[in-house]
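*Asks:* Before I ask anything, let me first share the structure, which is written out below as structure tokens.
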Amino acid sequence: MTLVELRLLRFRQHRDRCFSFSPGLNVVVGPNEAGKSALREALRCVLFDNPEGASQRSREGLVAWGEEWPPVLELVFEYQGSRYELRKDFHERRVVLRGRDGVRDRHRLVQPILHDALGFQSEKAFLATAHVRQAELHAIGEQDVAAQLGRIVAGADEDASQALRALERALGELERGLERPASNPGRLARARRRVEELEVRVQELRREMEAARSTASELESTRRRLEDLRKGLLDRQALLELNRRVVQAQERREHLRQELERLEARREEVERLRQDLAGIRAQLESLPDLTPQDAERVREALEQAQGLRANAQRLVEPDPSPAVARPGPWPWVVALVALGAAALPDLPWPLRLALLAVAAAAAWAGWRQRERAARDRAALEARQLERTRLARSLEEKADSLEAFVRAELQRFGAASREQLQQWAAERARLETSYRELQARLEAVLGDSDEVRLEEDARRLRADLRTQTDFLESDEVRGKILVPLEIQRMEREVEELEGERQELEARLRRLEARLEAAVEEEALLRAEEELAAARAELQRLERRRRALRVATEVLQEAKRAVEVPARQAVEERAGQFLSELTGGRYSRLRVPPEAQTLRVEVWSEEAGRWLPPQEPHLSRGTVDLVFLAARVALVDVLAPRARPPLLLDDPFVTFDPERRARALRWLRTLATERQVLLFTWDEAAAPSAQGIIRLP
């Protein structure tokens, strides 16, 4: 199969693009986000997706940004010398393929032709081999490549492997529970268990029929004994029930009596509390409406007035401050003496000037002393005036407070402050007692009131009379048992009840045996079921043997097919690996004992087979091994179709030398098949027969 041209309409970044491909090596060059991945996805989509059955969500995932309608993809390719034109319209949900055999317009008709042209019968096999993504190749190096490649070579998508798995699954389900117990055993184990159960059942039915004749007389005697026992048991149970009712009535009467006594006590307590509250209310009405705060305010006002008068008395007393000192004459005496000395004749001028300075200083000191004395006398007089004014103000405040006290005493009718305080204390005590009695009354009443208490008392008296009438009635009189008699009769009833249950169970067993003996159809049905179960068991045993033989034959045939495939992979992949590594690694094998295709590489330096993974091999060498294995698998799985290889820059981990060698290897591959290399590196362009540059 050779891709010729691909046209994309409204597909992701490519709103309306047409790409042409050469038969050999094609290099798609472009930076990140240029649309390389979208082009690869478009090729996968046009080759495998079904527009007819695509969901709305999957179709919207292909729409170009800003577009409203799903995309349209058109592919032109050549296969076996003929040209084909494929159109997949995801908007109208249509598929059309035009070729040498005419036009096909159904996905179920078009897809088999595409599978034949690609050489792969499933999208999974194509993506696992011919469609190499760099990220996928790196992931394969870290995950279980043996499981993925093994499923492809072993025919994970072929009928033989599916049939083998189906046979093994059917055999496992059939044999489940034979070797060891299982919560959900298979049909064979269930059939064996069914046969064993039926055999046991048939033997039991036969034994019951043989013993049926001997049970008839025993059944009749058991019925007579059971009838007599039931009569005696009913009489004793009725007497016990009456005594239980008597005991309950006695307990109920005692309980009602105690409840009535408690209720009467509550009513008496309520009445007493009501009387106490009325007495306290009368005492409160005889006292003035006075609170302790009122008495406290009168006391505080009187004490403040007394304190203010004491302070005023202290202010009118003489000022205890020291008297102002009169200035002394010594500065003036010194000034006169210094002036007299300075007036002496024949006195040197420096000394004369010094004496004049002393006289001036002394005169200045005398003047300052006189000024200070005058200020002190003025301050003393001002302080005395202020004390007199303050004393008058304090007296006025004291008079106001005493007037307030007299007014309060007159308002409450008290003769003195002490009497006022006594009344306030007495009223507070009475109010406290009133509140306590009120709270106690509420606690005694609870959610009830006097009317409800009276109704409860009437109800209790009526119930008490009812219980007393029952205990004194003719029905009870003469039938009351003492506790020892009740205990003895309870033991008798218990023994009779146990015997009754045993007789009834025995009677049921005997009746069941007689019914089984009379109706022989049960035994006949059991024998028929046993015969059918044995036939089913034989059929399942034959099926088990057939499944084992078919599984062994198919496994042998599968191994015969896998051996050439493994050899082809080893030979082809080893050749590719030698070209890619310059001969350093040239041998690759798939161990025959492996259940899946576990690849190993021979290392001359290590002298042994190594798994392609770090740290045994470098990251670049690991990628080379898996790239060679993938391309070899393409040749093994699709030798005649020669599908195109889609490579998403698998050389990112290669050094320059290996990268150049890989490009030469791709040119060699491109001589026999079409190769599409998606990369950002312009260095790959000179090696290509066709170049597609994405902006």
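*Asks:* Consider only pairs whose beta carbons are under 8 Å apart and that are at least six residues apart or on different chains; among these, list those whose first residue lies in segment 169-183 and is touching a residue at least 40 places away in the same chain (Cβ under 8 Å) and whose second residue is not in a helix (DSSP H, G or I).
*Replies:* So the pair list comes out as Leu174/Gly186; Glu175/Gly186.
*Asks:* Are there any strands (runs of 3 or more DSSP E) wholly within segment 587-695 with 3 or more residues that are within 21 Å of Arg40 (Cα to Cα), charged (D, E, K, R) and open to solvent by 10 Å² or more (accessible area, probe 1.4 Å), and if so which?
*Replies:* none
*Asks:* Okay, next question. So Arg458 ticks every box in (1) open to solvent by 60 Å² or more (accessible area, probe 1.4 Å); (2) within 60 Å of the chain's Cα centre (by Cα) but one. Which box is left unticked?
*Replies:* (2)
*Asks:* Here is a follow-up. With the requirement that a residue be in contact with a Leu (Cβ under 8 Å, 6 or more places away or on another chain) and open to solvent by less than 70 Å² (accessible area, probe 1.4 Å), what does segment 348-389 give you?
*Replies:* Leu355, Ala359, Arg387, Thr388 - these are the residues of segment 348-389 that are in contact with a Leu (Cβ under 8 Å, 6 or more places away or on another chain) and open to solvent by less than 70 Å² (accessible area, probe 1.4 Å).
*Asks:* If you check Glu515, Glu570, Glu520, Glu494, which single one turns out to be of a type in the set (Asp, Glu), modelled with pLDDT of 75 or more, open to solvent by 30 Å² or more (accessible area, probe 1.4 Å) and over 30 Å from Gly172 (Cα atoms)?
*Replies:* On inspection, the qualifying residue turns out to be Glu494.
*Asks:* Then there's this: If you scan segment 473-491, which residues turn out to be in a helix (DSSP H, G or I), modelled with pLDDT under 80 and not aliphatic (A, V, I, L, M)?
*Replies:* Passing the criteria: Pro483, Glu485, Glu490.
*Asks:* Which is touching a Gly at 6+ places or on another chain (Cβ under 7 Å) and more than 30 Å from Met1 (Cβ to Cβ), of Arg587, Arg619, Arg608?
*Replies:* None of the other options fit; the residue is Arg587.
*Asks:* Go through (1) over 14 Å from Leu240 (Cα atoms); (2) at pLDDT 80 or above; (3) surrounded by 11 or more Cβ atoms within 10 Å (Cβ to Cβ) one by one and return the number of the condition Leu510 breaks.
*Replies:* For Leu510, the failing item is (2).
*Asks:* So, one more: Filter the strands (runs of 3 or more DSSP E) completely within segment 55-159 down to those with at least 1 residues that are modelled with pLDDT of 85 or more and either over 30 Å from Thr621 (Cα atoms) or in contact with a strand residue (DSSP E or B) (Cβ under 6 Å, 6 or more places away or on another chain) (or both).
*Replies:* 72-79, 82-89, 94-99, 102-104
*Asks:* Please enumerate the residues belonging to segment 1-39 that are within 48 Å of the chain's Cα centre (by Cα), at pLDDT below 90 and open to solvent by 10 Å² or more (accessible area, probe 1.4 Å).
*Replies:* Result: Arg10, Arg12, Gln13, Arg15, Pro31, Asn32, Glu33, Ala34, Lys36, Ser37.
*Asks:* Among the listed residues Leu420, Leu453, Leu437, identify the single one that is buried (at least 16 other Cβ atoms within 10 Å of the Cβ), modelled with pLDDT of 85 or more and either assigned to a helix (DSSP H, G or I) or out of contact with any helix residue (DSSP H, G or I) (no Cβ under 8 Å at 6 or more places or on another chain) (or both).
*Replies:* Of the residues listed, the single one that is buried (at least 16 other Cβ atoms within 10 Å of the Cβ), modelled with pLDDT of 85 or more and either assigned to a helix (DSSP H, G or I) or out of contact with any helix residue (DSSP H, G or I) (no Cβ under 8 Å at 6 or more places or on another chain) (or both) is Leu437.
*Asks:* Which residue is least open to solvent (accessible area, probe 1.4 Å), if the candidates are limited to segment 250-291 and must be among the β-branched types (Val, Ile, Thr) and modelled with pLDDT of 85 or more?
*Replies:* Only one residue tops the list, namely Val270.
*Asks:* Does any residue of segment 524-532 turn out to be of a type outside the set (Asp, Glu), within 30 Å of Arg206 (Cα to Cα), at pLDDT 70 or above and surrounded by 15 or more Cβ atoms within 10 Å (Cβ to Cβ)?
*Replies:* Checking segment 524-532: at least one residue is of a type outside the set (Asp, Glu), within 30 Å of Arg206 (Cα to Cα), at pLDDT 70 or above and surrounded by 15 or more Cβ atoms within 10 Å (Cβ to Cβ).
*Asks:* Oh, and also: Give me the pairs, please: first residue somewhere in segment 309-325 and farther than 12 Å from Leu390 by Cα, second residue anywhere and at pLDDT 60 or above and small (Gly, Ala, Ser), beta-carbon distance under 8 Å, and either six or more positions apart or on two chains.
*Replies:* Pairs found: Val324/Ala373; Ala325/Ala373.
*Asks:* In addition: Against the definition (out of contact with any helix residue (DSSP H, G or I) (no Cβ under 7 Å at 6 or more places or on another chain), under 30 Å from Leu385 (Cα atoms) and not small (Gly, Ala, Ser)), how does Gln306 come out, yes or no?
*Replies:* yes
*Asks:* Just checking, how many residues over segment 464-478 are touching a residue at least 24 places away in the same chain (Cβ under 8 Å) and over 17 Å from Leu240 (Cα atoms)?
*Replies:* Qualifying residue count for the region: 3.
*Asks:* Determine which member of the set Arg244, Arg194 is in contact (Cβ under 8 Å) with a residue 40 or more places away in the chain, part of a helix (DSSP H, G or I) and open to solvent by 30 Å² or more (accessible area, probe 1.4 Å).
*Replies:* Matching residue, one of Arg244, Arg194: Arg194.
*Asks:* So the check is Cβ under 9 Å with 6+ separation or different chains; which pairs have a first residue in segment 86-101 that's within 13 Å of Leu62 (Cα to Cα) and open to solvent by less than 90 Å² (accessible area, probe 1.4 Å) and a second one that's among the small types (Gly, Ala, Ser) and outside any loop (DSSP other than H, G, I, E, B)?
*Replies:* Phe90/Ser58
*Asks:* How many residues are part of a helix (DSSP H, G or I) and more than 12 Å from Leu430 (Cα to Cα) when one looks only at segment 276-295?
*Replies:* Of the residues in that region, 4 qualify.
The values are calculated or read from the model by the stated rules, or taken from the named source; none is laboratory data. It should be emphasised that the depicted structure is a prediction, and the values quoted were computed from it without experimental measurement. Note: ideal-geometry Cβ built from the backbone for every residue, glycine included; neighbour counts use all protein chains shown. Surface areas here come from the heavy atoms of the whole protein model, side chains and all, with no ligands, DNA or RNA. Shrake-Rupley method; radii C 1.70, N 1.55, O 1.52, S 1.80 Å.
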